[in-house]
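Asker: Dropping the structure in here first, questions after.
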């Protein structure tokens, strides 16, 4: 493999690792803040216990998020130095703003929150976790602003051989960023919601602190419902946005090779990337136009036509991303979302009728769903980033021109294998810690020793 | 003042904050294994920085982010050039970051031992590497006319850079020991002071060696402000050591903090107006002019930094005030 491909793999691997933890941080922080606020208001011990129960899980997750995130910031310089040179004037600013406005707040107040149970008044203590929740969402905003510049560059001019920022306000009010932010943020809420209900279901089935986790289940189901419904709604908006700003990504995700009106939605497709056509597939006529234009007509420009247009505009080259991979990733994301919606919706109804605890199958279903939000999130990012290829910044710089010129494949192999293995080992350790915590929560030290973690 | 100069100063300020705060964090991290005799003591040592270490580490992240925003070419050249060194640095920081959280989650000695060593190496390795990095910036590395690093990993390891690395490590160990004398109860505090006297002696020796070699291998001392800052750094370190000797630990810590600040000022003043020196041709060095962002970006970032850094300082100082009491073996706290 060459330096470009290896660097892409490395960035993809560390990003996927990072984004396993980020959505939990974003969503769970607000849930914990609400639990603690409830504790402050009612004074009921059960909410304090729940705050601490989730607090520990949050913390292990947060630590993993921090140590995977720090590598991201370094990567831009380490593996993508030509990108940093060309885009640094624009792209560096949101990263620096993220550190200044969000990272400081987040880590400082999390430290106070963790160690401050006995040192602060209840209200100030609860305020600390609200600040953590707010600042983690703020940090997500800055990084989405940075990413949106790569998708839909705005507020810049190409001068002196690089992209230079000319309008900071339009950089942060990039319409692409607004749409992407709400989709990412609601997906985080859905992820946290699904995690909460899965853990609650697990505890209820095992008969551990049943009363406490029954109340928690109610809150969790509300979070999961709100999250899933809104992630679908914002996803719909996001798809229309992508069609407007990145027609190639949109066409590739839907396997539309040639311009068509009204456009069909392919449920499955036999994609022939060599020939640039589909050999068959199950399609719903007009459905894609309906999704993109909210009516059963509307033109969707095909990849073959876009390719010709881009060759004229940007010169020779292949501007079609990996169609099959995008097509199936998108469908995997949608299916995962729909399955979650169905199971959580059923559980929500059962809860409204006060019968959830009786349906152990439904509770098991909630547990089984736990991998789905992570699969959906990773697939979503794959479509976002994979669909941008061959560009690192849409229309301005290609990925192949962005890689550090001085790196050897050996160096990249060393760091890629190193990070991958260390992260994998740490995830195993983190899962072990969280499982142990779930199973032994509230036990005395003596009882913990006897508790088995493996059944 | 010109925006480029302001940003040079701001980056220097961020590095001063980073070396001062992470300096004692790294020191405490090493002391967990060097000073803690049993599980309780090691837990106490970790708790001295427990609430603050993550916020302190953000100074480094921010310094990196600020460099990206203000001097993207420095960020690009340094991070791609020091590739394997940064890989090792990142591995150390990864292990250290999770170790603080993971260590307390199980009581088995093997589990704790593993994470304590992670904290030890996760603190010692970055301390050493940052010293090596700073020395390389000022001594010069092979950078070509396109601002691209053309050396190898081993070009970064010279006697001068390694001595500077060791000096950073020992100064931070001393600084951390001084911090611990203020943050824990006896008898651990007394032993921290003994450790400070050992580490401080070695640190003095290494710091003098580092400054001597800096005069020999770099042109830093030709700058009067750098020379003054380095001399002050040395005097302050001696003063700190004398205070420690006479058991005035608080003053010892204040002086060690000031010494680290002056040491950082010295290196930056010696670099000015350069940020990375090219050993191939002085013309190819990265400076605050040829490596900078546009005045527009610098202006936006200046406004942000001038508004936000004081706020950050205020709430970080508040944190230290909340946790001002000495750590005892009986605290019922997290970790």
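Every read-out reported here was derived from the displayed coordinates using simple, explicitly stated rules and does not represent laboratory data. Keep in mind that this is a model prediction, so the values were computed, not measured. Methodologically, a virtual Cβ is constructed for each residue, glycine included, from the backbone with ideal geometry; neighbour enumeration extends over all protein chains shown.
Asker: Please order B:89, B:31 by the number of other Cβ within 10 Å, starting at the fewest. Please list the in-between numbers first.
Answerer: Numbers: B:89 22, B:31 30.
Listing B:89, B:31 from fewest to most nearby Cβ atoms yields B:89, B:31.
Asker: How big, on average over all directions, is the shadow cast by the Cα convex hull of the stretch A:73-224, in nm²?
Answerer: Values: hull surface 48.2 nm².
Seen from a random direction, the Cα hull of the stretch A:73-224 projects 12.0 nm² on average.
Asker: For the stretch A:148-270, max minus min Cα coordinate along each principal axis, in Å, sorted largest first?
Answerer: Cα spread of the stretch A:148-270 along its principal axes, largest to smallest: 65, 41, 20 Å.
Asker: Starting from the exponent 0.38 and prefactor 2.2 Å, build the expected Rg for the protein assembly as shown from its residue count and divide its actual Cα Rg by it. The partial results should precede the final answer.
Answerer: Working: Rg = 27.3 Å, N = 790, 2.2 N^0.38 = 27.8 Å.
Working it through for the protein assembly as shown, the quotient is 0.98.
Asker: Compute for the stretch B:17-149: radius of gyration divided by Kirkwood radius, i.e. Rg/Rh, restricted to C-alpha atoms, rounded to two decimals. Intermediate results must be reported in sequence, preceding the final value.
Answerer: Numbers: Rg = 16.7 Å, Rh = 15.9 Å.
In the stretch B:17-149, Rg relative to Rh is 1.05.
Asker: If r is the Cβ-Cβ distance from residue A:358 to residue B:40 and R0 is 41 Å, what FRET efficiency results, to the nearest 0.05?
Answerer: Numbers: r = 48 Å, r/R0 = 1.17.
According to the calculation, E is roughly 0.30.
Asker: A further question on this structure: Determine the shape class of the stretch B:171-323: with a ≥ b ≥ c the square roots of the Cα gyration tensor eigenvalues, call it rounded for a/c under 1.5, and otherwise prolate if a/b is greater than b/c, oblate otherwise. Numbers along the way, then the final one.
Answerer: On the way: a/c = 3.16, a/b = 1.40, b/c = 2.26.
Cα axes put the stretch B:171-323 in the oblate bin.
Asker: Mind grabbing the base-10 log of I(q)/I(0) for chain B at q = 0.10 Å⁻¹? Debye formula, identical points on the C-alpha positions, no solvent, two decimal places.
Answerer: Here the Debye-derived log intensity ratios amount to -0.58.
Asker: Report the normalised scattering of chain A as log10 I(q)/I(0) at q = 0.07 Å⁻¹, calculated by the Debye formula with identical scatterers on the alpha carbons.
Answerer: Each listed q corresponds, in turn, to -0.39.
Asker: Within 10 Å of each Cβ in peptide B:90-97, how many partner chain Cβ atoms are there on average? Round it to a whole number, please. Each step should come with its number before you reach the end.
Answerer: Values: counts 12, 6, 0, 5, 12, 3, 1, 10.
Mean inter-chain Cβ contacts per residue within 10 Å come to 6.
Asker: In nanometres, what is the gap between the two model label sites at residue B:215 and residue A:436, each 7 Å from Cα along Cα-to-Cβ?
Answerer: A separation of 5.4 nm, rounded to one decimal place.
Asker: Report the label-to-label distance for residue A:270 and residue A:417 in nanometres (one decimal), using points 7 Å from each Cα along the Cα→Cβ vector.
Answerer: Using points 7 Å along Cα→Cβ, the separation is 4.1 nm.
Asker: Now a separate question. Evaluate peptide B:311-320: per residue, the Cβ atoms of other protein chains within 10 Å of its Cβ; return the mean as an integer. Present the calculation step by step, with values, prior to reporting the outcome.
Answerer: Values: counts 4, 7, 1, 0, 6, 4, 0, 2, 6, 0.
The shielding value for this peptide is 3.
Asker: Starting with the highest mean, order A:263-270, A:82-89, A:290-297 by the number of other Cβ atoms within 10 Å, averaged over the residues of each peptide. Don't jump to the answer; show the numbers that get you there.
Answerer: Values: A:263-270: 18.2, A:82-89: 25.1, A:290-297: 14.8.
Ranked from most to least packed, the peptides come out as A:82-89, A:263-270, A:290-297.
Asker: To continue, here is another question. Return the inverse of the average 1/r over all pairs of distinct C-alpha atoms in the stretch A:199-339, which is the Kirkwood hydrodynamic radius, in Å to one decimal. Walk me through the numbers on the way to the answer.
Answerer: Numbers: mean 1/r = 0.0577 Å⁻¹.
Roughly 17.3 Å, rounded to one decimal.
Asker: Okay, next question. Bin all alpha-carbon pair distances of the stretch A:9-165 at 10 Å intervals from 0 and give each bin's fraction as a whole percent.
Answerer: Final binned percentages: 10, 35, 27, 16, 9, 2, 0.
Asker: In nm, to one decimal, how far is the residue B:197 label point from the residue B:302 one, both placed 7 Å along Cα→Cβ?
Answerer: Between residue B:197 and residue B:302, the label points sit 5.1 nm apart.
Asker: Next up: Between residue B:279 and residue A:410, take the C-beta separation as r, use R0 = 22 Å, and let me know the FRET efficiency to the nearest 0.05.
Answerer: Working: r = 24 Å, r/R0 = 1.07.
Rounded to the nearest 0.05, the efficiency is 0.40.
Asker: Please rank B:324, A:388, fewest neighbouring Cβ atoms within 10 Å first, as an exposure proxy. Present the calculation step by step, with values, prior to reporting the outcome.
Answerer: Working: B:324 10, A:388 19.
Starting with the residue having the fewest Cβ neighbours, the order is B:324, A:388.
Asker: Rank the residues A:279, A:272, B:54 as a footprinting-exposure proxy: fewest other Cβ atoms within 10 Å of their Cβ go first.
Answerer: Details: A:279 9, A:272 14, B:54 24.
Fewest-to-most ranking of A:279, A:272, B:54: A:279, A:272, B:54.
Asker: Let me make sure I get this right: for the stretch A:247-321, a, b and c are the square roots of the gyration tensor eigenvalues over alpha carbons, sorted descending. Under 1.5 in a/c it's rounded, otherwise prolate if a/b > b/c, else oblate. Which is it?
Answerer: Here the stretch A:247-321 falls in the oblate category.
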